[in-house]
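Rule-based calculations on the coordinates, nothing more; no lab input. As the structure is a computational prediction, the values presented were derived from the model and not from experiment. Ideal geometry is used to build each Cβ from the backbone, glycine not excepted, and the neighbour counts take in all protein chains shown.
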Amino acid sequence: MSGEPSLLAIHEAAHAVAMVHLGLPVAQVSVLGSTAWQDGVARHTRAFVSGAMATAPQSVALVSLAGCAAQVVAGSKQYELVCGGREDYQSEAERVARWTKANHRADFALYSQARGVDEVLPEDAAVALEFVKANRDPIRAVAETLMERGQLSGAEVTAVLAPKQD
């Protein structure tokens with residue numbers, strides 16, 4: 001599973017990097033058994049869902065939107081094929097919102113529950129895009145390691161993101 005990170009690995013890595021950045025526990029991130037881009041998973045812990053949902057809905061929003069934001073930043077052509085989106089008339093934030101709702105039901109369900117809305121708020125999509133753009137290198141590092149190993153524990157994600165010692 002080596003080589004250039006797939007969009008699936010980038011998507012799942014972005015979820016994991018957002019969790020670590022926010023100090024939220026990562027249980028596992030995986031692309032094992034994936035034959036299609038939808039089959040990956042970045043698992044959070046039950047404590048994240050029960051605690052953050054009530055106390056930090058903005059954090060839940062960032063984590064849930066980071067994967068699709070990473071795909072938009074990476075220039076995913078899947079967006080155009082699946083959503084029928086035309087990049088010339090939609091902003092990046094609009095593409096994140098549409099892509100998440102149309103194709104990532106688990107991500108959208110988590111987002112919708114946390115924010116209490118039926119649509120992705122443009123300001124949340126903009127924050128996710130800003131986060132992904134500011135964290136391209138860490139996301140890529142996790143995605144590359146994920147491609148090599150197939151799955152990572154939360155401790156392994158944290159180790160990949162730790163500053164390198166000389």
Inset, instruction - Give, in nm to one decimal, the length gained when the segment between Glu119 and Ser153 is fully stretched (0.36 nm per residue of separation minus the Cα-Cα distance). - result: 9.1 nm
Legend entry - Lys164 versus Glu130: modelled label distance in nm, points set 7 Å from Cα along the beta carbon direction: 3.0
